[in-house]
1. Taking VAL73 as the residue in question, decide whether it is crowded, with 18+ Cβ neighbours inside 10 Å and closer than 17 Å to GLY39 by Cβ.
2. Output yes when any residue across the range 140-149 is buried (at least 19 other Cβ atoms within 10 Å of the Cβ) and among the β-branched types (Val, Ile, Thr), and no when none is.
3. Applying the selection to the range 184-207, what residues are in a strand (DSSP E or B) and closer than 25 Å to LEU114 by Cβ?
4. Among the listed residues ASP139, ASP79, which satisfies the condition of being under 18 Å from the mean Cα position of the chain (by Cα), touching a residue at least 24 places away in the same chain (Cβ under 8 Å) and assigned to a loop (DSSP other than H, G, I, E, B)?
5. Which condition number does HIS164 fail, the rest of (1) free of Cβ contacts under 8 Å to residues at least 40 places away in the same chain; (2) over 23 Å from ALA223 (Cβ atoms); (3) not assigned by TED's automatic domain parsing to the domain that holds GLU225 being met?
6. Does SER172 fit the bill of being crowded, with 19+ Cβ neighbours inside 10 Å and either of a type in the set (S, T, N, Q) or over 30 Å from PRO48 (Cα atoms) (or both)?
7. Scan the range 167-226 for residues that are more than 20 Å from ILE150 (Cβ to Cβ) and of a type in the set (A, V, I, L, M) and report the count.
Amino acid sequence: MKFTQKNLSKTVLLTLFTVACLASLSLRLYSQKTMDISGYLVDANGKPLQNGMVTIFYDPPLPTASFERITEVWKPFDDGLFGMQVPWRPGRKIMVLTEDRPDGFYPIEDENVLTNKKIFKGVVIYKFAKSRDLQKVRDYIKYGQAVLDIGNCSASFVEKILKHQIFLKVRSSDKKVVANTSFRPAYIKESESLIFNLPEGTWYLELIDTSAGQVIMPSTRIAIESKKAVKVPLKKGV
């Protein structure tokens, strides 16, 4: 058989079509793979966490990409049991984020928790298996509270909080910024306080008035302990 330019073009097109079909089939087969992930979220004594939370993410496909949430926050059953089925994606790691998370405001976003090795707690799954029993998971993020008393602050300051003009910047112990967010969700009218939750460890807090471009509270070091409240000083006259 003589290969003319026309025949060669047909051969190339047929080959490309076949490759595309195989790639599509392979993708469908991979997308059909799921993993059953289960375990028990417990404390150091093996008792279920009262405020335990589990969330599952994919790691970024590229260094410039973001973590991808697979599940919403899952609250384990009364005995600490959690279980969910997630699709498996080749080349991606599965990050099982575990927390002892009471109610309240959390200024640090999930992505900053996942990317910071000093904060992240949980399990990383590297290889596919039809089911993965994590058994008793005792490694989880523990939170404490930071409290700013604003009872003696001016009415204009409180008004700026309500208008989302007062921002909180949080840096980790290595001075990396892990939060820069409106302080409005932290405002508790009844106690005239700003209350928010941070993981155990050392943090640096800064308050900024975005309407005036002014730093209200310069970088202040605090140490957070699990299930304890730390009062943060706020200068008079604010």
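1. No: the conditions fail for VAL73.
2. Within the range 140-149, one or more residues are buried (at least 19 other Cβ atoms within 10 Å of the Cβ) and among the β-branched types (Val, Ile, Thr).
3. Once the filter is applied, which keeps residues that are in a strand (DSSP E or B) and closer than 25 Å to LEU114 by Cβ, the range 184-207 yields ILE195, PHE196, ASN197, LEU198, PRO199, GLY201, THR202, TRP203, TYR204, LEU205, GLU206.
4. Of ASP139, ASP79, the one residue that is under 18 Å from the mean Cα position of the chain (by Cα), touching a residue at least 24 places away in the same chain (Cβ under 8 Å) and assigned to a loop (DSSP other than H, G, I, E, B) is ASP139.
5. So HIS164 meets the others, but not (3).
6. yes
7. 3
Every residue, every condition in (1) buried (at least 18 other Cβ atoms within 10 Å of the Cβ); (2) more than 18 Å from the chain's Cα centre (by Cα); (3) among the aliphatic types (A, V, I, L, M); (4) at pLDDT 95 or above, yes or no:
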{"residue": "CYS21", "(1), (2), (3), (4)": "no, yes, no, no"}
{"residue": "ALA44", "(1), (2), (3), (4)": "no, yes, yes, no"}
{"residue": "GLN50", "(1), (2), (3), (4)": "no, yes, no, no"}
{"residue": "ILE56", "(1), (2), (3), (4)": "yes, no, yes, yes"}
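The values are calculated or read from the model by the stated rules, or taken from the named source; none is laboratory data. Everything numeric in this text was worked out from a predicted model, so none of it was measured. Neighbour counts are summed over all protein chains in view; Cβ atoms, including those assigned to glycine, are modelled from backbone coordinates with ideal geometry.
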